[in-house]
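The values are calculated or read from the model by the stated rules, or taken from the named source; none is laboratory data. The shown structure was predicted, so the numbers you read here are calculated from the model rather than taken from an experiment. Positions of Cβ are backbone-derived with ideal geometry, glycine not excepted, and every protein chain shown enters the neighbour counts.
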């Protein structure tokens with residue numbers, strides 16, 4: 001058997017199974033071996049019961065106290081319940097649609113149960129627990145069992161079986177890092193790492209495999225980024241000078257720029273008049289005033305006689321930017337001629353916009369990724385700005401920049417990344433930081449509470465709605481799921497419609513909806529037609545509603561602090577006092593400490609630093625924070641030690657004497673595509 005062979009060479013993989021695997025993009029034996037587990041079940045030793053473990057998966061040893069009983073629930077669902085004594089505590093075990101459990105679990109049986117410990121008015125219980133005999137649990141105790149992405153027709157056990165045969169029969173290509181490099185970096189080889197991840201001997205073995213794949217993702221990302229920076233110092237062949245209009249625009253603003261904004265604007269002016277192409281990141285906290293700086297750059301570009309484009313991540317945000325730019329155009333009608341180009345426009349309006357762009361009649365173009373379509377031609381494009389830049393791939397930025405030859409590139413991000421890590425991740429860009437909020441902005445009032453506060457939270461939201469304001473409620477799930485502790489958007493909306501007064505306009509939003517549906521909902525919310533918007537984190541960027549004053553985040557412990565801070569940034573954008581409520585069902589001290597960081601600080605950069613101190617390195621099973629880079633395994637917070645090693649190694653490869661080695665490493669990286677989707681290729 002060879003790695004390149006079709007997967008049907010594996011014993012037991014027939015036509016139907018091979019077809020099912022193809023839906024996972026697994027066609028060859030190598031594809032299977034690179035199918036990395038999405039999670040692991042850690043079968044820990046049975047522990048003593050503690051309310052501190054509420055909300056967590058636990059393994060408990062105990063005795064069944066009574067025979068199971070069942071009742072029929074709404075919709076035909078059956079419910080079986082049994083009392084279970086563990087230590088000297090009694091808890092309930094609840095089974096849904098499992099009538100056969102009556103024969104499997106009988107009175108006086110001594111068993112081990114495993115599931116998420118919950119607490120409500122009926123006391124402690126575990127819903128839908130896994131049940132083991134003492135002997136069966138002993139077989140898996142203290143082991144990590146991989147959990148794979150599967151489709152209908154392939155179980156997790158089947159994947160593990162086929163994986164074992166593949167690893168027993170196939171030798172993968174040697175690592176692209178040599179033995180000396182692996183030793184220097186403290187890493188195991190890639191083939192060894194794959195074996196450790198699919199068949200971990202213990203937790204330490206898993207960590208070694210994990211760190212090697214993390215390094216692989218980081219080097220896949222960093223090497224081309226740093227190479228781009230070396231090649232990005234192009235001369236700018238179109239003269240650019242400072243202009244008086246930018247001073248007049250600043251004077252027309254109803255507020256004074258902060259010192260941080262002024263410093264950032266000076267950085268941009270110096271870049272644009274330097275004779276070299278600007279490649280700059282403006283990293284500013286939510287509400288810090290990055291957009292006005294972008295408008296100043298666009299204005300300066302227009303007055304110099306060139307075209308500039310601003311690409312936003314959502315149509316709603318693009319339209320909001322366009323409305324603001326039109327106000328600027330009224331101040332300078334001879335210099336600024338804006339146009340909007342987004343996917344939902346009619347064919348007629350798109351054609352008209354494209355004509356204005358290609359002729360040069362429009363010199364300030366606002367849009368989404370519609371701006372980089374092949375049909376869009378620019379006459380004198382010299383400035384490209386991307387808002388919430390991590391939502392776009394580097395390739396998308398390059399596609400837009402390529403439409404103008406050598407152009408100035410300005411990217412903006414509200415993601416609070418500590419500067420030491422930002423300098424590594426944005427290695428192809430100079431960095432300006434806006435770390436001061438505009439004067440007069442009321443700080444958001446925050447509270448971290450448990451589920452018992454939910455009724456009061458609803459009453460508070462309703463009071464704000466009666467005042468004419470609006471509210472967001474964030475849930476981690478879209479639909480009903482096996483974990484009854486996790487709130488989902490669909491059921492939550494139904495529940496609100498039942499308990500809120502008639503006339504309260506409630507709607508939901510999630511990432512599985514069509515783009516047109518999402519845009520329509522966000523437009524209605526921005527227009528004030530919706531009082532309460534129940535959503536997943538899809539609203540993290542792309543919507544600006546100054547009238548929204550309350551953000552309630554359900555299961556807040558399920559999100560990283562960076563994400564929670566980004567979500568909080570959706571409120572506090574108007575003159576009214578705003579509030580954010582972080583609600584969690586978990587009671588342990590670590591969760592409380594993390595959420596208290598958000599109640600103490602409104603500064604995203606301070607939050608990021610404090611979170612890193614609290615978490616420390618190596619928290620592999622912790623909450624992923626840096627989802628904005630869309631790594632599959634790596635996390636710049638949890639894996640900052642590996643990231644710094646990787647950055648130093650890529651710097652070494654970029655030295656002239658290592659050019660040949662760099663080419664070898666680059667070629668080797670492509671041999672091991674582990675299916676991550678980093679923002680360079682989106």
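Taking every residue in the stretch 556-575 that is at pLDDT below 85 and pairing it with any residue that is in a helix (DSSP H, G or I), at least 6 positions away or on another chain, the pairs with Cβ-Cβ distances below 6 Å are 561/607; 561/611.
Which ones in the stretch 522-547 are out of contact with any helix residue (DSSP H, G or I) (no Cβ under 8 Å at 6 or more places or on another chain) and surrounded by 23 or more Cβ atoms within 10 Å (Cβ to Cβ)? If the condition is that a residue be out of contact with any helix residue (DSSP H, G or I) (no Cβ under 8 Å at 6 or more places or on another chain) and surrounded by 23 or more Cβ atoms within 10 Å (Cβ to Cβ), then 525 is the only one that fits. Could you check, for the stretch 180-201, whether at least one of its residues is over 28 Å from the mean Cα position of the chain (by Cα), modelled with pLDDT under 90 and over 30 Å from residue 106 (Cβ atoms)? Yes: one or more hits.
Within the stretch 240-283, the set of residues being more than 25 Å from residue 417 (Cα to Cα), exposed (fewer than 14 other Cβ atoms within 10 Å of the Cβ) and in contact (Cβ under 8 Å) with a residue 60 or more places away in the chain comprises 241, 248, 252, 255, 256. If you go through the stretch 430-457 and keep only what is assigned to a loop (DSSP other than H, G, I, E, B) and at pLDDT 75 or above, you end up with 435, 436, 442, 443, 444. Considering 177, 124, 194, 172, the condition of being in contact with a strand residue (DSSP E or B) (Cβ under 9 Å, 6 or more places away or on another chain) and either assigned to a loop (DSSP other than H, G, I, E, B) or in contact (Cβ under 8 Å) with a residue 60 or more places away in the chain (or both) is satisfied by 124 alone. Condition test on residue 451, is it under 15 Å from residue 551 (Cα atoms) and surrounded by 12 or more Cβ atoms within 10 Å (Cβ to Cβ)? Judged against the criteria, residue 451 is not a match. Could you go through the stretch 143-157 and let me know if any residue there is buried (at least 18 other Cβ atoms within 10 Å of the Cβ), in contact with a strand residue (DSSP E or B) (Cβ under 8 Å, 6 or more places away or on another chain) and in contact (Cβ under 8 Å) with a residue 12 or more places away in the chain. Within the stretch 143-157, one or more residues are buried (at least 18 other Cβ atoms within 10 Å of the Cβ), in contact with a strand residue (DSSP E or B) (Cβ under 8 Å, 6 or more places away or on another chain) and in contact (Cβ under 8 Å) with a residue 12 or more places away in the chain.
This table checks each residue for (1) farther than 20 Å from residue 55 by Cβ; (2) loosely packed, with under 14 Cβ neighbours inside 10 Å; (3) at pLDDT 80 or above; (4) touching a strand residue (DSSP E or B) at 6+ places or on another chain (Cβ under 8 Å).
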| site | (1), (2), (3), (4) |
| --- | --- |
| 585 | no, no, no, yes |
| 595 | no, no, yes, yes |
| 625 | no, no, no, no |
| 635 | yes, no, no, no |
| 654 | yes, no, yes, no |
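Just to be sure, is residue 504 crowded, with 19+ Cβ neighbours inside 10 Å, more than 22 Å from the chain's Cα centre (by Cα) and either over 30 Å from residue 98 (Cβ atoms) or modelled with pLDDT under 95 (or both)? For residue 504, the condition - crowded, with 19+ Cβ neighbours inside 10 Å, more than 22 Å from the chain's Cα centre (by Cα) and either over 30 Å from residue 98 (Cβ atoms) or modelled with pLDDT under 95 (or both) - is not met. The residue of the stretch 23-49 that is nearest to residue 130 (Cα to Cα), among those that are in a helix (DSSP H, G or I) and out of contact with any helix residue (DSSP H, G or I) (no Cβ under 6 Å at 6 or more places or on another chain), is 31.
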